[in-house]
Structures are given as C-alpha cells and as structure tokens.
Amino acid sequence: MCKTCTSGLCTNGCAAGNTPADTARQKGGRIARAAAMLCQDAQFRLYLDHRSRIKFGLPVADGTHTDQDARDWLLRWCEIQSRAELDHNPAAAKRFHYIRQIYQQYRNRQGGLHT
C-alpha cells in the first residue's frame, strides 16, 4: 500500500515513498519492458562504453558492458531498485526517457541509425 494514498494504489506518483516490500510487488509495464529491451541492445551497451571513456576518462574497451551492467547502470541512473518502478515512479520514468533521448541522439550522430 502506498504510504500517502488511502486507496492502496498510488495515483499521485508517490511510489518512491513505498517500502522495499511494496516496490517488490509492483508489476512492470510498458516502460519497464522498454528499459529491459534497451539494456539488451548491444548498441546501447556500446554507448555506455563510449560514455565511460568520454565522460569519465575510463579505459573501457568496446564490448565491456553486459546486459547486467546496463541494467545496474540504468537502475542507478533512475534511482530505483527495479525496472518495474519506472511504470509507477514519474521522476524515474522522466530520467529513463531522458537517457533514451540522449542515446537516440548518440545513435543519430553515429550514422543515422534508428531504433
């Protein structure tokens, strides 16, 4: 049950106030599926490799990030414990959409590739 909504279902975007047990029960929807697909995208993982080199100066070779690494990075970026939260936490969803937009711009600069 959401801590602030009396109906038991969060309708105010306050899922971030839920307990870990509440979060574990949340079901992922459209955004969570899109996030899973993104983490499985080899080109997105290459983007993470490139980002690590350019933004942080790390000696990361292409092909370093795995599906799990991408998932872990995305959870940290969105400040969530599970991709399912993306469908219940508006702030996390906004962060996800932002990184997806940045990734699309990166792909476009890499040769006009489209998802």
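Please express the Cα-Cα pair-distance distribution P(r) of the range 28-109 as a list of whole percents, one per 5 Å bin, running from 0 to the bin with the greatest distance.
That works out to 3, 16, 26, 27, 16, 9, 3, 0, in percent per bin.
Just add up the charged neighbours of residue 45: K/R +1, D/E -1, any other residue whose Cβ is under 11 Å from the Cβ of residue 45.
With Lys, Arg at +1 and Asp, Glu at -1, the net is -3.
Starting with the highest mean, order 28-41, 98-111, 78-91 by the number of other Cβ atoms within 10 Å, averaged over the residues of each peptide.
Highest mean packing first, the order is 78-91, 28-41, 98-111.
What is the sum of charges, Lys and Arg at +1 and Asp and Glu at -1, for the other residues whose Cβ falls under 14 Å from the Cβ of residue 95?
Once all neighbours under 14 Å are counted, the net charge is +1.
Work out, step by step, the length gained on full extension between residue 108 and residue 30: first 0.36 nm times the residue separation, then minus their alpha carbon distance; give nm to one decimal.
That works out to 25.7 nm of additional length.
Need one number: nm distance between label points at residue 50 and residue 94, each 7 Å from Cα along Cα→Cβ, rounded to one decimal.
In this crude label model, residue 50 to residue 94 measures out at 2.7 nm.
Please say if the range 63-115 is rounded, prolate or oblate, where rounded means a/c under 1.5 for a ≥ b ≥ c the square roots of the C-alpha gyration tensor eigenvalues, and otherwise the choice is prolate for a/b larger than b/c and oblate otherwise?
Taking the square roots of the gyration eigenvalues as a ≥ b ≥ c, the range 63-115 is oblate.
Throughout, read-outs are computed from the coordinates displayed, never taken from laboratory work. Values in this document were obtained by computation on a predicted structure and should not be read as measured data. As a convention, Cβ positions derive from the backbone with ideal geometry for all residues, glycine included, and neighbour counts pool all protein chains shown.
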